[in-house]
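**Student:** After the structure tokens below, expect a handful of questions from me.
The values are calculated or read from the model by the stated rules, or taken from the named source; none is laboratory data. Not measured: the values here are computed from a predicted model. Heads up, the Cβs are rebuilt from the backbone with ideal geometry, glycines too, and the neighbour counts pull from every protein chain shown. Heavy atoms of the whole protein, side chains included, go into the accessibility calculation; ligands, DNA and RNA do not. Shrake-Rupley method; radii C 1.70, N 1.55, O 1.52, S 1.80 Å.
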Amino acid sequence: MIYDEALTDILENVSKTTRSVDGETIRAMANMLESVESIFIMGVGRSGLVAKAFAMRLMHLGLNVYVVGETITPAITDKDCLVSISGSGETSYIISTTGIAKDIGAKLISITSYTDSTLAKRSDVVVELQGRTKIDSEKNYVRRQISGMHQSLSPMGTIFEISALVFLDSLIAELMNDLGQTEKDLKARHTVLE
């Protein structure tokens, strides 16, 4: 079944992608999140859904967090941090918004597949999550076949988005440890209005 092949492809690529983030980058991101007054999170489309999931977990940790674009999101200051999730690092809304945040003096963390993107170049911390496999950039069919490389079965930005979600949930475990938080502490902050 194609399903089984796609599942294997996605799991292998997400594992490879998330394990490639070095400890220094993880530590830099954790330190920044722990040192600012407020954390602002943003993404567009499916990356926006990942951003909201990460914001929820940061709230469960007791951190002051906002999702950019929500009606209750306050002004960002130079004591805050903006986390932007964009596979391309060139999404126009992300670029314009991070430009405003940088002008104000806020710190910027980017999660992207492209370290040479506009987003990455203006960031204080860059987490590179390769969204597509190398085969996707190799256009020569014969070269792909000879080398044993085959087109990924994961649709569009799937590898980037799932990798971002897995990376950020793993980072939450690191932050829990740093902040001395337990699952019980997080559960106490979980919504009861359901």
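**Student:** Those residues that are among the hydroxyl-bearing types (Ser, Thr, Tyr) and open to solvent by less than 10 Å² (accessible area, probe 1.4 Å), I need them from the stretch 73-112; list them, please.
**Tutor:** Restricting attention to the stretch 73-112, the residues satisfying the condition of being among the hydroxyl-bearing types (Ser, Thr, Tyr) are 73, 77, 84, 86, 88, 91-93, 96-98, 110, 112.
If the condition is that a residue be among the hydroxyl-bearing types (Ser, Thr, Tyr) and open to solvent by less than 10 Å² (accessible area, probe 1.4 Å), then Ser84, Ser86, Thr98, Ser110, Thr112 are the ones that fit.
**Student:** I've got another one for you. So, restricting to helices (runs of 4 or more DSSP H) that lie completely within the stretch 119-194, which ones have at least 2 residues that are open to solvent by 70 Å² or more (accessible area, probe 1.4 Å) and modelled with pLDDT under 95? Walk me through how you get there before you give the answer.
**Tutor:** On the way: elements: 141-147, 158-179, 183-188.
Those helices (runs of 4 or more DSSP H) span 141-147, 183-188.
**Student:** Return the pair list, or none, for Cβ contacts closer than 7 Å from residues in the stretch 95-106 that are under 17 Å from Val36 (Cβ atoms) and part of a loop (DSSP other than H, G, I, E, B) to residues that are open to solvent by 60 Å² or more (accessible area, probe 1.4 Å) and at pLDDT 95 or above, at least 6 apart or on different chains.
**Tutor:** Gly105/Asp78; Ala106/Asp78
**Student:** Checking Ser84 against (1) without any contact (Cβ under 8 Å) to a residue 12 or more places away in the chain; (2) among the polar types (S, T, N, Q); (3) in a strand (DSSP E or B): exactly one of these is not met. Which one?
**Tutor:** (1)
**Student:** Pull up the stretch 1-46, narrow it to residues that are of a type in the set (Ser, Thr, Tyr) and over 19 Å from Leu129 (Cα atoms), then point me to the one that is modelled with the lowest pLDDT.
**Tutor:** Pass one, the stretch 1-46, residues of a type in the set (Ser, Thr, Tyr): 3, 8, 15, 17-18, 20, 25, 35, 38.
Subset that is over 19 Å from Leu129 (Cα atoms): 3, 35, 38.
Numbers: Tyr3: 88, Ser35: 98, Ser38: 98.
For the stretch 1-46, the residue satisfying everything is Tyr3.
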